[in-house]
Structure formats: structure tokens, C-alpha cells
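**Student:** Here it is: the structure, laid out below.
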């Protein structure tokens, strides 16, 4: 039994020796370098500078004041229309002529009433003149004298009233413009009948003035002032200088937007109903600034991701101020020169290591 067991033990011992030697020659695996595995992220430095000319807003071109022209009477037929859209009219200018046939009889009757009232007034005034200077003379009682004078005044007032009615009757044959300005729309045609109610026949921009009503956020409204100028880009490519005339006293509770009205020069290429964009010049604010993209907003408020000396990021709360040209003022936050992540949309947590790639603002 001993002679047969020896040949099996020797090969096993040799194999174990070989395995031991090979195990001794194996190198340990290298640990990964965190700095090399960190992803490249664009960073910028917080700077101390002014935010200039960056506030922009867009909106509709609207008439500063719009006058509506409509007939007051009913049943009159339009004979002629003397003006059209795009024309400039003056106050009192005849816009529409009505068929006078329906009012000629009324005018003739009223003229007769005017003549009658005028004759009665002249007669009463003559009788009043004949008693002039007779007060206290005993020729006529004071009551009779006062009665003649009162009758003269009453007859003159009646004559003036009849003359006013005649003027009104004559005015019904024409429709005139209540203001001077540009005709924006017209709905009347020859042959139409006046109804006394309904859609106005004309809409006129008083003095041809058209303004830009630009929409601004609640924060932006606090950055502008009445009298501030802006460069307004028109739909046709032209650029004019506008001036803030009015700032909305309230904001829409749903959209949180308000508006400003900018006065514009009177030009043929500034058309009501168009769309324009205003860029406000001048310094909006100065101090520590950062790109708007670097500020993130969450349940804890506004913050930036600052980068320390070991290239690790840390959330730092900030308080923002004025905005413009893609930048935001940091009222409270890290000091000037601090590196921060340029894009707040980057998914990072406190302590994450990055490979910063610095870019200019």
C-alpha cells in the first residue's frame, strides 16, 4: 500500500508549488484617480461690473387714444363716403354725407318755427324798450313794466332754442370727425342706413399717435421709470427712439405681467396692430454680477454652485437684483472672483468633484 501511494503525492506537491509561484508574481490592481474621472464643467468668475442696456421687452403697437365715429340718428341713408382708411383727417371734417331728402321737410318746418320765434322775440323786445325809464313814474304799474321785460327775455330764449334745433336738423345730413388724426378703420358704405347703435363707422387715432405697449415682468417693471428712453425695433426693420409715457399700476394676477406705454414719433411705418421690440439703454444696476444661467431656483430659494480650491462644488445661497443683457446682479452671495458653475441646469450635488473649464462672461 505504501509503494502505490507515493507516485500520486509527488505530482500534487509540484502543482501546488507552481500555483504558489504564479500567485506571488501577480500585481495588485491600481485604484482609479477621482480627478481624472471628474467631468469637465464650464465655470465663470463673479465680477464687479455694471449691467447695461440689457432690459428688453416686446409688445403691440396701439393707438395712444382712439376716437370712434358713429351716427346718432336712425333711418338716414348714406349718400357719400368722403374718407378712407389710412387718410389723415382734421377735427370737424365731413366724413360722410347723408341723403338730405328725409330731413328736408323737417328743416323747412324748423326754419318756419325759427322765423316765428324770432318775430315774437323782436316784438317783445320792442315793447320792453318802450317802457324803459318809466320805472316809478306812475305811467304804468311796476308789475306791468316787469312783465314786459320778462316777456322779452322769454321770447329771445325761445328763438335761440328754435335756432339750435334747426342747427341740429341740418347737422344730421353730415357725419364729421370729432378729432384730428389717422383713420384706422372704416365700416360704412354708400347706401347704408343709420341705426343709431352698433359698430362705429370709423376709428381714428387722435393726432395719428401710435405707441408701443410692451409687456414686462413684475421685476422688470421696478427697473424702468417714466421718461426713460428705449430703442424700438419696428416690423419693417426700422429703429426709432421711444420714451416711456406710462407704467402699468398693476400686474396681471395670472401671468404676473404688466405693461409700459412708450411714445413714438409719428411715422408712416409705425402701424397700429403691429409688433415691435424695445431695448432700454443706460445702466440698469452695478455691483457683483453673474450670468443668469448660473443662478438656480428651488424650494430653498436662489443659489449658485461655487467651486472650491479642490474643484468640488458647493451650493451657496444668493439674493438677486436687477437683470439685463443675460446677467443678474447678486445683492448677496460669494465675493468677486469666486468660480461658479455657468449652467444651473447641471445636475450636481454638494461635494461633487468637477474638472473646471473657465470661460469668460
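Any read-out appearing in this document is the output of simple, stated calculations on the displayed coordinates, not a laboratory observation. Because the structure is a prediction, the values reported are computed rather than measured. Reconstructed Cβ throughout: ideal geometry from the backbone, glycine too, with neighbour counts over all protein chains shown.
**Student:** Taking every pair of Cα atoms in the stretch 101-172, average 1/r, invert it to obtain the Kirkwood radius, and report Rg/Rh to two decimals.
**Tutor:** Value, to two decimals: 1.22.
**Student:** Let me ask you something else. Using a 10 Å cut-off on Cβ atoms, rank the peptides 206-219, 87-100 from the highest mean neighbour count down.
**Tutor:** The most tightly packed comes first, giving 206-219, 87-100.
**Student:** Further question: Taking the Cα of residue 271, stepping 7 Å toward and past its beta carbon, and measuring to each backbone N in the stretch 177-194: which are under 18 Å?
**Tutor:** Zone members listed by number: 182-187.
**Student:** Mind giving me the nanometre distance, one decimal, between the label points for residue 358 and residue 104, set 7 Å out from Cα along Cα→Cβ?
**Tutor:** Distance between label points: 9.4 nm.
**Student:** Residue 297 to residue 70: extension gain in nm, 0.36 nm per residue of separation minus the Cα-Cα distance?
**Tutor:** Taking residue 297 through residue 70 to full extension adds about 76.3 nm, to one decimal.
**Student:** Shifting gears a bit: Direction-averaged shadow area of the convex hull around the Cα atoms of the stretch 202-299, nm²?
**Tutor:** 9.2
**Student:** If you find the alpha carbon centre of the stretch 81-113 and of the stretch 191-249, how far apart are they in angstrom?
**Tutor:** 32
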